[in-house]
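The values are calculated or read from the model by the stated rules, or taken from the named source; none is laboratory data. Source: prediction; values computed, not measured. Cβ placement follows ideal geometry from the backbone for every residue including glycine, while neighbour counts extend to all protein chains displayed. For accessibility, only protein heavy atoms count, side chains too; no ligands or nucleic acids. Shrake-Rupley method; radii C 1.70, N 1.55, O 1.52, S 1.80 Å.
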Amino acid sequence: MRSTTNIDEAARVMTICNACRYCEGHCAVFQAMELRLEFNTENLDYLANLCHNCGSCFHNCQYAPPHQFNLNVAAVFADLRQENYAVYAWPAPLGRLFSQNGLWVSILTAIMLGLFMAGGAILTGADFFAAHPNQFYGVISHNVLVTLFGSVGIFVFIALSLSIRKFWRAMSLPSPLSLDWLNVWTGIKAALSLKYLDGGNGQGCSYPTEKPSMLRRWFHQATFWGFMLCFAATSTATVMHYGFDLPAPYGYISLPKFLGILGGLGLLVGPIGLMMLKLQADPAIKGRSNGGMDTSFLVLLFGTSLTGLLLMLLSQSSWVGPALCLHLGFVMALFLSMPYGKFIHGFYRLIALVAFAVEQQKHQAVVGVVEPDPDMIKVKNLG
Amino acid sequence: MNISSQCFDVVVAGGGQAGLIAAIVAAEAGATVCLLEGAPKSYRGGNTRHTRNLRPMHEGPLSVLSGVYDEEEYWDDLLRVTKGKTNEPMARMMLRESAGCVDWLEKRGVQFQPPLGGTLHLGRTNAFFMGGGKQLVNALYRWAEGLSIEIRYDAKVTDIAFENNRFLGAYVGDEWIKGKTFVAAAGGFEANVEWLREAWGPVADNFLIRGTPYNRGELLKLLLDKGAMQIGEPDQCHAVAIDGRAPKFDGGICTRVDCVSLGIVVNKDAKRFYDEGEDFWPKRYAIWGRLVAKQPDQIGHVIIDTKSKGAFMPPVFPAETASTIEELAIKIGLDPQTLRETVDQFNAAVQPGKFDHTELDGLATAGLEVNKTNWARPIDSPPYSAYSLKPGITFTYLGVGVDQSARMLMSDDTLSENIFAAGEIMAGNVLGEGYLAGIGMTIGNVFGQIAGREAAKYALNN
Ligand SMILES: Cc1cc2nc3c(=O)[nH]c(=O)nc-3n(C[C@H](O)[C@H](O)[C@H](O)COP(=O)(O)OP(=O)(O)OC[C@H]3O[C@@H](n4cnc5c(N)ncnc54)[C@H](O)[C@@H]3O)c2cc1C
Ligand code: SF4
Ligand code: SF4
């Protein structure tokens with residue numbers, strides 16, 4: 001049992017909400033809350049990760065400050081999420097990277113950009129500013145790229161998996177194999193459609209201002225699907241390379257390019273839109289401890305996409321070297337920050353939504369109901 | 001804009017639902033409107049901010065309501081709760097008009113909760129605001145801003161100029177605001193503790209006020225002093241028993257305690273004083289404010305045992321708990337011996353039967369001075385829990401008389417020429433006694449629309 005000021009404040013706030021319940025139509029948080037009489041660390045982490053920080057409950061709360069109850073679910077959960085991201089991080093000491101997140105991600109990005117620029121310049125020497133017959137592989141060879149990104153990718157994969165596993169267990173979910181797949185599907189659908197960013201009845205949430213708006217949902221969709229399309233582009237390219245012996249570069253009329261361009265555009269529009277909304281949003285709902293995490297993630301996504309598209313346009317020109325190194329610098333920084341930055345929120349949200357689907361089907365609380373036996377957790381985590 | 005030089009078509013006092021709606025309707029009809037809200041912006045919206053639902057009549061399913069709730073059924077309900085203290089033609093007119101409330105609000109950006117199934121979810125008779133009354137308030141203020149209504153916060157009307165049944169203008173402190181018509185929608189006087197004391201005596205000092213501290217009834221008093229017809233008596237109010245630890249003002253909905261029907265209620269002498277199981281709690285919660293108000297020091301304690309844990313809406317403040325009745329008595333400041341006796345007598349009087357909280361199960365006590373007629377289970381399984389109860393005033397009934405066009409009546413039965421009233425300040429015209437969940441907002445909505453329409457009509461024709 002973690003006992004922190006964020007947990008205490010979240011428990012206080014949820015106790016008031018549970019007696020009020022006016023917000024039950026807004027999102028999953030309140031419906032999950034209604035299944036419980038008590039609030040403990042696990043179920044508060046769960047509720048916090050069901051929250052999208054949409055602001056509806058804050059703007060519509062009769063107890064919002066200056067009322068003496070000083071109620072601000074959105075901000076309390078934002079701070080609690082920030083805290084539990086660190087708690088569930090693997091390896092645990094790196095959880096510290098969640099505080100001052102914007103700062104270290106910026107430093108990381110600067111270092112990665114510097115390293116790749118310097119590396120590219122050293123590898124190609126005088127040819128750094130020259131066109132290459134096989135475009136970017138002429139700057140850094142395919143094998144070097146695969147080794148570099150492959151090994152980082154493996155670390156990132158392990159770190160993400162172990163963090164996710166820890167969170168999964170805290171949500172009292174059974175092994176994925178014994179789950180009811182209908183519930184999982186309900187959770188996935190809610191996550192993919194950003195169901196709870198619609199304010200509760202399709203008019204949108206109170207973001208960036210008190211007025212209901214769908215903008216956040218749309219920009220988030222552009223960002224998410226942009227990311228997925230770029231991921232799909234890379235995956236298709238890998239399959240084409242190894243499976244069909246069709247190495248890059250590809251022409252404009254090819255699957256990887258098509259997916260990549262579409263995704264890249266999504267990753268330009270989405271993050272810009274989300275940034276703009278963020279700047280207009282009421283500071284009261286943001287919490288105190290984000291530390292620039294959201295912003296740095298959006299900048300990284302935007303930078304990755306922008307440099308990726310630039311690289312595509314410049315791949316035949318003499319600028320291919322610097323363009324490639326810039327792009328790789330952004331991609332590497334994005335990769336390395338994935339387990340220790342905003343990226344992780346998607347997994348926890350998804351898991352919380354799956355747990356919510358399980359609870360809704362059973363009509364009873366599951367997460368945080370039984371006090372977990374500390375020894376059991378230790379044994380499981382070692383095993 | 002130098003507000004003092006302009007003459008508005010309609011000046012509205014009070015920025016809760018009734019005033020907002022009157023202002024919007026008038027502005028939509030083409031009138032220039034000034035809305036004077038006595039509270040600061042952060043507390044705008046009066047008691048409307050604390051509400052949850054309204055009760056519209058409907059002949060068939062509405063967007064957010066199932067089934068049928070027609071005029072006859074609604075009228076029967078109203079007649080029953082008011083025990084006839086209502087004005088039939090006016091009430092029936094209001095019930096019919098209420099059929100358009102949900103649609104009117106939705107068209108102006110107010111969101112309702114799609115049917116969910118939850119604790120207080122009535123589904124058929126009551127339409128619930130998404131996120132509560134503050135969402136409605138926010139949406140209507142946005143709409144009013146879009147109509148260029150002059151909205152002023154911290155603008156408490158302190159005096160009005162009134163000659164020969166005609167309103168000339170209002171004062172906000174030193175400032176003079178001229179208008180062709182006036183809509184009085186400033187709520188009741190429930191937050192005016194001195195006035196409550198006049199009506200109730202010193203016991204009023206122990207009342208808690210569930211809603212806004214800004215409904216102090218200054219405007220109501222002004223109108224009555226200027227000869228408006230009085231409706232209702234000052235000691236009539238909607239009062240429920242709420243948690244004794246709630247704040248003095250503005251505690252709202254979350255301070256309710258919903259376990260009275262599951263346990264017993266004792267006063268500070270550790271004696272029971274009323275049948276806790278008379279009827280379902282939603283039908284009885286509104287009498288317990290008065291019941292507790294009549295007890296010494298205006299305090300009650302509801303006592304339950306562990307069998308009832310989780311069977312009612314979780315209260316906002318934790319219960320006092322103890323493993324024996326005596327220990328519990330000491331914790332809540334009662335005499336342990338007397339409480340022990342009260343509980344023992346109660347337990348011994350419980351008759352056999354099957355407990356079922358979803359129906360009037362007839363599980364009763366026999367032979368006590370005050371019997372419990374339903375859900376009477378012995379209080380015998382520790383740990384025991386206690387919540388303190390105090391009277392929580394929701395709103396007062398005293399108001400000004402109006403006719404069907406929301407025009408204010410004078411005490412000599414004449415009509416004021418250009419003053420209209422809407423909302424809590426005139427609710428007593430149709431609701432002389434009792435309460436029906438959601439009818440407060442319905443009255444405010446319907447009479448707000450009528451007042452806005454009639455005021456605009458008068459102003460634009462004169
Ligand atoms: C906790 C609680 C829950 C409730 N729940 C419901 C419910 O679910 N359904 C329902 O139908 N009813 C409910 N009610 C009753 C409901 O709040 C009222 O019936 C309704 O809000 C009345 O609307 P109104 O516009 O007349 O008054 P209010 O909304 O109270 O507005 C009056 C306004 O006048 C302003 N004012 C006061 N004096 C002056 C002055 N001198 N000059 C200028 N402005 C002034 C105040 O600041 C306030 O904004 C509830 C009440 C409370 C307290
Ligand atoms: S956020 Fe406010 S209005 Fe919403 S449920 Fe909580 S206390 Fe009630
Ligand atoms: S901020 Fe939005 S998502 Fe979070 S609890 Fe409130 S209404 Fe739900």
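Values computed for the structure shown
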| quantity | calculated |
| --- | --- |
| Number of the condition not met by A:Val87 [criteria: (1) more than 16 Å from ligand 1 (Cβ to nearest atom); (2) within 14 Å of chain B (Cβ to nearest Cβ); (3) hydrophobic (A, V, I, L, M, F, W, C)] | (2) |
| Qualifying residue in segment B:264-284 (condition: more than 14 Å from chain A (Cβ to nearest Cβ), within 16 Å of ligand 1 (Cβ to nearest atom), under 30 Å from B:Phe129 (Cβ atoms) and of a type in the set (A, V, I, L, M, F, W, C)) | yes |
| Flag for B:Phe112 being within 12 Å of chain A (Cβ to nearest Cβ), in contact with an Asp or Glu (Cβ under 9 Å, 6 or more places away or on another chain) and either of a type in the set (A, V, I, L, M, F, W, C) or within 30 Å of B:Pro391 (Cβ to Cβ) (or both) | yes |
| Strands (runs of 3 or more DSSP E) lying entirely in segment B:224-310 (those with 3 or more residues that are within 24 Å of B:Arg49 (Cα to Cα)) | B:237-243 |
| Flag if A:Trp218 is surrounded by fewer than 18 Cβ atoms within 10 Å (Cβ to Cβ), away from chain B (no Cβ under 14 Å) and more than 18 Å from the chain's Cα centre (by Cα) | no |
| Matching residues in segment B:123-147 - criterion: being of a type in the set (S, T, N, Q) and either open to solvent by less than 10 Å² (accessible area, probe 1.4 Å) or at pLDDT 95 or above (or both) | B:Asn126, B:Gln135, B:Asn138 |
| Filter result for B:Tyr141 (within 27 Å of B:Gly428 (Cα to Cα) and either within 14 Å of chain A (Cβ to nearest Cβ) or of a type in the set (Val, Ile, Thr) (or both)) | yes |
| Considering residues of segment B:6-47 that are more than 15 Å from ligand 1 (Cβ to nearest atom) and under 19 Å from B:Asp159 (Cα atoms) only, the residue modelled with the lowest pLDDT | B:Gln6 |
| Residue match in segment B:272-281 (condition: farther than 19 Å from B:Leu368 by Cα and surrounded by 18 or more Cβ atoms within 10 Å (Cβ to Cβ)) | yes |
| Any hit, segment B:420-438, residues being among the charged types (D, E, K, R) and crowded, with 24+ Cβ neighbours inside 10 Å | yes |
| Segment B:191-222: number of residues that are part of a loop (DSSP other than H, G, I, E, B) and near ligand 1 (Cβ under 8 Å from one of its atoms) | 7 |
| Every residue from segment B:16-31 that is assigned to a loop (DSSP other than H, G, I, E, B) and within 14 Å of another protein chain (Cβ to nearest Cβ) | B:Gly16 |
| All positions within segment B:231-266 that are in contact with a His (Cβ under 8 Å, 6 or more places away or on another chain) and over 14 Å from B:Ser385 (Cβ atoms) | B:Asp250, B:Gly252, B:Ile253, B:Ser261 |
| Among the residues listed as A:Asp79, A:Asp45, the single one being touching a residue at least 24 places away in the same chain (Cβ under 8 Å) and either within 10 Å of ligand 2 (Cβ to nearest atom) or crowded, with 23+ Cβ neighbours inside 10 Å (or both) | A:Asp45 |
| In segment A:205-249, the residues that are touching a Cys at 6+ places or on another chain (Cβ under 9 Å) and touching a residue at least 12 places away in the same chain (Cβ under 8 Å) | A:Cys205, A:Ser206, A:Tyr207, A:Pro212, A:Met214, A:Arg216, A:Arg217 |
| Any pair with Cβ under 8 angstrom, 6 or more apart, that starts in segment A:8-19 at a residue that is facing chain B (nearest Cβ under 10 Å) and ends at one that is of a type in the set (Phe, Trp, Tyr) and open to solvent by less than 10 Å² (accessible area, probe 1.4 Å) | A:Ile16/A:Tyr63; A:Cys17/A:Phe30 |
| Test: residue in segment A:281-288 that is surrounded by 21 or more Cβ atoms within 10 Å (Cβ to Cβ), in contact (Cβ under 8 Å) with a residue 60 or more places away in the chain and β-branched (Val, Ile, Thr) | yes |
| Test: residue in segment A:78-87 that is part of a loop (DSSP other than H, G, I, E, B) and touching a helix residue (DSSP H, G or I) at 6+ places or on another chain (Cβ under 9 Å) | no |
| Some residue of segment B:435-452 being part of a strand (DSSP E or B), modelled with pLDDT of 95 or more and more than 25 Å from B:Pro314 (Cα to Cα) | no |
| In segment A:10-30, residue farthest from ligand 1 (Cβ to nearest atom) [restricted to those that are in a helix (DSSP H, G or I) and over 17 Å from B:Pro315 (Cα atoms)] | A:Ala28 |
| Selection count where residues are crowded, with 18+ Cβ neighbours inside 10 Å and touching a residue at least 40 places away in the same chain (Cβ under 8 Å), scope segment B:282-298 | 8 |
| Positions within segment B:148-166 being among the β-branched types (Val, Ile, Thr) and either open to solvent by less than 10 Å² (accessible area, probe 1.4 Å) or at pLDDT below 95 (or both), in sequence order | B:Ile160 |
| Pick from segment A:9-54, criterion within 13 Å of ligand 3 (Cβ to nearest atom), modelled with pLDDT of 95 or more and among the small types (Gly, Ala, Ser), ranking: farthest from A:Ala284 (Cα to Cα) | A:Ala32 |
| Selection within segment B:32-69 - farther than 21 Å from B:Leu95 by Cα, open to solvent by less than 10 Å² (accessible area, probe 1.4 Å) and more than 14 Å from every other protein chain (Cβ to nearest Cβ) | B:Val33, B:Cys34, B:Leu35, B:Leu36 |
| Residue selected from segment A:58-76 under the condition within 11 Å of chain B (Cβ to nearest Cβ) and part of a helix (DSSP H, G or I), by the criterion nearest to ligand 2 (Cβ to nearest atom) | A:Phe58 |
